[in-house]
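The values are calculated or read from the model by the stated rules, or taken from the named source; none is laboratory data. The structure displayed is predicted, hence computed values, not measured ones. We place every Cβ from the backbone using ideal geometry, glycine too, and count neighbours over all the protein chains shown. The protein model used for the area step is the full one, side chains on, heavy atoms only, and it has no ligands, DNA or RNA in it. Shrake-Rupley method; radii C 1.70, N 1.55, O 1.52, S 1.80 Å.
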Amino acid sequence: MGNLAEQQYRFAGHIRDPEHNPAPVDVEDRRMQVYRELFYNNVEGFLAGTFPVLRRIFSDTAWHRLTREYFACHRAQTPLFLEMPREFLNWLESEYSPQPGDPAFLLELAHYEWVELAVSIAEDSLDQPGIDPAGDLLGGIPVISPLAWHMSYRFPVHRIGPDFMPCEPDSTPTHLVVYRDPNDEVGFIEINAVTKRLLELIGNDENRTGKQLLQHIAGELSHPQPGVVINAGTDILRNLLKKHVLLGTKQR
């Protein structure tokens with residue numbers, strides 16, 4: 001390794017983890033302190049802004065322990081600031097070893113907060129060709145918005161905060177849709193298992209009508225009155241369209 005490269009590695013190593021990597025001997029510590037604070041504070045501040053609930057439920061000591069470990073140990077694959085939350089989530093998922101006192105919902109809450117950012121900055125457009133926004137949702141083929149993400153969690157992550165921190169997952173999953181509307185406002189709705197299944201089918205099957213999909217669900221439920229499922233499902237489809245989770249139907 002050349003002398004310049006060696007100096008750069010020592011410089012960066014100290015900034016990332018000053019407790020375990022000595023500062024370059026030829027740089028005044030007062031100057032190094034500027035870099036130590038500048039780099040770490042930028043990373044910590046951006047993460048705190050992206051994961052605000054996560055930040056609030058951690059004490060200052062625990063939060064800085066977490067972010068300092070990420071800053072020191074994770075090898076990011078991109079220099080883009082907007083990709084840093086995904087890097088942080090990757091680190092939590094595959095590299096971080098949970099510590100005593102960490103909440104059981106840590107990873108799920110981080111994922112939910114990341115989704116809110118990801119949907120807000122996604123480059124997909126609601127203006128999709130070949131879609132009739134006033135189409136018949138039962139007789140036509142429903143189309144889900146590329147800016148509507150549906151997820152399932154063991155914990156009710158949308159309710160977690162300093163005053164509500166469950167220790168155990170719920171007996172049934174929490175199903176959520178995070179979406180962005182035409183005004184670029186991000187929102188979420190809690191949905192039931194049937195609506196979640198309906199969205200899965202819409203996303204995976206581009207050839208069946210809304211009525212056919214609801215009939216399929218009625219069969220999965222072994223419901224004695226399929227018409228009840230279809231009637232309730234019709235209201236669900238209309239509400240999803242109103243919330244811009246659905247864009248309409250395919251034009252024929």
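The table below lists the values:
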{"item": "Selection count where residues are touching a helix residue (DSSP H, G or I) at 6+ places or on another chain (Cβ under 9 Å), surrounded by fewer than 16 Cβ atoms within 10 Å (Cβ to Cβ) and in a loop (DSSP other than H, G, I, E, B), scope region 76-97", "result": "3"}
{"item": "Check on GLU44, over 23 Å from LEU176 (Cβ atoms) and either in contact with a Pro (Cβ under 7 Å, 6 or more places away or on another chain) or not hydroxyl-bearing (Ser, Thr, Tyr) (or both)", "result": "yes"}
{"item": "Filter pass, LEU247 being in contact with a Leu (Cβ under 7 Å, 6 or more places away or on another chain) and in a helix (DSSP H, G or I)", "result": "no"}
{"item": "Output for region 155-201, where each listed residue is touching a His at 6+ places or on another chain (Cβ under 7 Å) and of a type in the set (D, E, K, R)", "result": "ASP181, GLU190, LYS196"}
{"item": "Residues satisfying the stated conditions in region 56-72, i.e. under 16 Å from ASN90 (Cβ atoms) and either open to solvent by 30 Å² or more (accessible area, probe 1.4 Å) or under 22 Å from the mean Cα position of the chain (by Cα) (or both)", "result": "LEU66, THR67, GLU69, TYR70, PHE71"}
{"item": "Set LEU199, LEU241, LEU237: member being among the hydrophobic types (A, V, I, L, M, F, W, C), part of a helix (DSSP H, G or I) and in contact with a helix residue (DSSP H, G or I) (Cβ under 7 Å, 6 or more places away or on another chain)", "result": "LEU237"}
{"item": "Any chance GLY203 is at pLDDT 95 or above, among the small types (Gly, Ala, Ser) and under 28 Å from the mean Cα position of the chain (by Cα)", "result": "no"}
{"item": "Of residues in region 1-33 being of a type in the set (Gly, Ala, Ser) and surrounded by 13 or more Cβ atoms within 10 Å (Cβ to Cβ), the one farthest from the chain's Cα centre (by Cα)", "result": "ALA23"}
{"item": "Members of region 9-46 found to be of a type outside the set (Phe, Trp, Tyr), in a helix (DSSP H, G or I) and over 20 Å from LEU80 (Cα atoms), listed by number", "result": "ARG10, HIS14, ASP29, ARG30, ARG31, MET32, GLN33, VAL34"}
{"item": "Qualifying residues in region 219-252 (those that are basic (Lys, Arg) and open to solvent by less than 90 Å² (accessible area, probe 1.4 Å)) - the one farthest from the chain's Cα centre (by Cα)", "result": "LYS250"}
{"item": "Residue list for region 130-183, filter: free of Cβ contacts under 8 Å to residues at least 40 places away in the same chain, open to solvent by 30 Å² or more (accessible area, probe 1.4 Å) and assigned to a loop (DSSP other than H, G, I, E, B)", "result": "PRO146, ASP163, ASP170, SER171, THR172, PRO173, ASN183"}
{"item": "Long-range neighbours under 8 Å by Cβ, at least six apart or interchain, first residue without any contact (Cβ under 8 Å) to a residue 40 or more places away in the chain within region 208-233, second open to solvent by 60 Å² or more (accessible area, probe 1.4 Å) and among the charged types (D, E, K, R)", "result": "HIS216/ARG208; ILE217/ARG197; GLU220/ARG197"}
{"item": "Extreme residue, nearest to LEU247 (Cα to Cα), among residues of region 109-127 that are open to solvent by less than 30 Å² (accessible area, probe 1.4 Å) and of a type outside the set (Gly, Ala, Ser)", "result": "VAL119"}
